[in-house]
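What follows is a single structure, written as structure tokens, with notes after it.
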Amino acid sequence: MTEAFDLLIRGGICATPNGVGPADVGVKAGKIAAVGALGAAATAEVFEARGLHVLPGVIDTQVHFREPGNEHKEDLESGSRAAVLGGVTGVFEMPNTAPPTTTRAAMDDKLARARDRMHCDYAFYVGATPANVGALALLERMPGVCGVKAFLGSSTGTLLLDKEEDILAALRSSTRRMAVHSEDEVRLRERKSFATNGDVRTHPVWRDAEVARVSTERVLRLAQQAGRRLHVLHVTTADELPLLAGARDLATVETTPQHLTLSAPECYERLGTYAQMNPPIRDAHHRKALWQAVHEGLIDVIGSDHAPHSRAEKDKIYPDTPSGMPGVQTLVTILLDHVNAGRLTLERFVDLTSAGAARIFGIAGKGRIALGYDADFTIVDLKAKKKIENSWIASKCGWTPFDGINTTGWAMATIIRGQIVMRERALVASGLGAPIRFTDTISPS
Ligand code: DOR
């Protein structure tokens, strides 16, 4: 007899467009085939979800997996292993690799490297440079590409698009939502002397709130001029929020779990250069404003900005230390801990970690538990309490800024297009990741 389903996720509390409530989910050929009371249905396999919450697969819209060029920090295999162990089903990966992902050949190479090695679904950003502006329209539409990313201020790697005419040319050159790292290069250079040798607490003094505000104000103006949709990555300041609130027709907004969780000066005193990232972790006043922006619906997505560096690199003397911290594996538990603490509803968690990305980037068939969508699920135990430990981190860097922190709410299984990839903290299927598809660039079949 033909089974109705390949997989039946039974007895869980499910986050669907109807709200959060009891529902079984039937999966057939990698897609959601039924949602409801399906207990008696014939199925090849059952996932017993009693006591668990079944959420749409979490999509991390900002990770740096370092391949090619810096595989001692991470590669596409290890980074995506960290992702699925943490409950993440899809990632958008950043172009500041070596060489950077700025040409057709570099993108083909990344896509070829990802095939059969990545454990979660993926899309790659193209980096914008003054030299490749003419090619962006074609590059951004390649299958497996989520869009263009521009570094408006220097960070890790060589990518930079800081001159007004170049930013405008990039904004005019293509049409998909363009993502920006928004820090102002001129002010960064002017203030470099504030970065005091051996004192990482000066990192947010050098890269101050005004660095971010000036840049965001300018890029919003340029996007308006070009009529181009924008995505402002890792927003960190109270100062940018009113500007972004005034540009909702054009701009969407991302922040990170670490900017919502850590604050200066405590994080620098406790973690030293391991808390150094760009834009920086700032004081509690900014963190409070970011939470307010979450509650008021201004933040569209939360991405981890997973940016691993080795301990040897992080142990150098500031400011010779690289900026960035890992986060793809801890994103789900850190945010579920905020859910348990009453700072975030479970519905808003879903909005920020799957539905939001699908809505603003036009992801095809993901981000929702609904008939015909990809069977991607992050199955969580909202009440599980565990300690985050460096020994759990699959990332090649081998550390997390959240080491030693107890959190409540953990991913128990990661299911991607109907295949159980992680179960109870173990990888149970390898290399099944596939390119994420987008509604505005679906290729004809
Ligand atoms: O802290 C950061 N690290 N910010 C970035 O913009 C880049 C990232 C990295 O690649 O290390």
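For the stretch 58-92, give me the residue count where each residue is within 11 Å of the ligand (Cβ to nearest atom) and of a type in the set (Asp, Glu).
Number satisfying all stated conditions: 1.
Is it true that some residue in the stretch 169-178 is closer than 29 Å to Ile317 by Cα and touching a helix residue (DSSP H, G or I) at 6+ places or on another chain (Cβ under 8 Å)?
no
Tell me, which residue of the stretch 72-95 that is within 13 Å of Asp305 (Cα to Cα) and in contact (Cβ under 8 Å) with a residue 40 or more places away in the chain is surrounded by the most Cβ atoms within 10 Å (Cβ to Cβ)?
Ala83
Pick from Gly127, Gly134, Gly144: which is away from the ligand (no atom under 16 Å from the Cβ) and either without any contact (Cβ under 8 Å) to a residue 60 or more places away in the chain or out of contact with any Pro (no Cβ under 9 Å at 6 or more places or on another chain) (or both)?
Within the list Gly127, Gly134, Gly144, the selection yields Gly134.
Would you check if Thr156 is surrounded by 24 or more Cβ atoms within 10 Å (Cβ to Cβ), more than 26 Å from Asp374 (Cα to Cα) and in contact (Cβ under 8 Å) with a residue 60 or more places away in the chain?
Answer is no for this residue.
When residues of the stretch 147-176 are filtered for being closer than 13 Å to Val219 by Cβ, more than 16 Å from the ligand (Cβ to nearest atom) and acidic (Asp, Glu), how many remain?
2
Can you name the number of the only condition in (1) within 25 Å of Ala355 (Cβ to Cβ); (2) crowded, with 19+ Cβ neighbours inside 10 Å; (3) within 21 Å of the chain's Cα centre (by Cα) that Asp440 fails?
Of the numbered conditions (1) within 25 Å of Ala355 (Cβ to Cβ); (2) crowded, with 19+ Cβ neighbours inside 10 Å; (3) within 21 Å of the chain's Cα centre (by Cα), the odd one out for Asp440 is (2).
Could you identify the single residue in Ala212, Ala195, Ala238, Ala179 that is within 16 Å of the ligand (Cβ to nearest atom), surrounded by fewer than 21 Cβ atoms within 10 Å (Cβ to Cβ) and among the hydrophobic types (A, V, I, L, M, F, W, C)?
Ala195
Which condition from (1) of a type in the set (A, V, I, L, M, F, W, C); (2) in contact with an Asp or Glu (Cβ under 6 Å, 6 or more places away or on another chain); (3) within 12 Å of the ligand (Cβ to nearest atom) is the one that Val301 breaks?
(3)
Would you point out which residue out of Asp199, Asp208, Asp184 is out of contact with any Pro (no Cβ under 8 Å at 6 or more places or on another chain), charged (D, E, K, R) and closer than 19 Å to Lys314 by Cα?
So the residue among Asp199, Asp208, Asp184 that is out of contact with any Pro (no Cβ under 8 Å at 6 or more places or on another chain), charged (D, E, K, R) and closer than 19 Å to Lys314 by Cα is Asp199.
Determine, yes or no, whether Thr216 is on the phi < 0 side of the Ramachandran plot, out of contact with any Leu (no Cβ under 7 Å at 6 or more places or on another chain) and at pLDDT 95 or above.
When the stated conditions are applied, Thr216 does not pass them.
Assess whether Glu296 counts as being among the acidic types (Asp, Glu) and more than 18 Å from the chain's Cα centre (by Cα).
Criteria met by Glu296.
Go through the residues of the stretch 408-417 one by one and say whether even a single one is farther than 15 Å from Val332 by Cα and not β-branched (Val, Ile, Thr).
Yes: the stretch 408-417 contains one or more residues that are farther than 15 Å from Val332 by Cα and not β-branched (Val, Ile, Thr).
Yes or no: the stretch 393-404 includes at least one residue that is in a loop (DSSP other than H, G, I, E, B) and over 23 Å from Asp305 (Cβ atoms).
Within the stretch 393-404 (the criterion being in a loop (DSSP other than H, G, I, E, B) and over 23 Å from Asp305 (Cβ atoms)), the answer is no, since none of the residues qualifies.
What are the residues in the stretch 223-235 that are more than 16 Å from the ligand (Cβ to nearest atom) and under 21 Å from Cys146 (Cβ atoms), if any?
Answer for the stretch 223-235, where residues must be more than 16 Å from the ligand (Cβ to nearest atom) and under 21 Å from Cys146 (Cβ atoms): Ala223, Ala226, Gly227, Arg228, Arg229, Leu230.
Taking the condition of being in contact with a helix residue (DSSP H, G or I) (Cβ under 7 Å, 6 or more places away or on another chain), surrounded by fewer than 22 Cβ atoms within 10 Å (Cβ to Cβ) and part of a strand (DSSP E or B), how many residues in the stretch 408-434 meet it?
Number of matching residues: 3.
Among the residues of the stretch 249-270 satisfying the criterion of being without any contact (Cβ under 8 Å) to a residue 40 or more places away in the chain and of a type outside the set (A, V, I, L, M, F, W, C), which is surrounded by the fewest Cβ atoms within 10 Å (Cβ to Cβ)?
Per the stated criteria, the residue is Asp249.
The values are calculated or read from the model by the stated rules, or taken from the named source; none is laboratory data. Here the structure is a predicted model, which is why all the values come from computation and not from measurement. We place every Cβ from the backbone using ideal geometry, glycine too, and count neighbours over all the protein chains shown.
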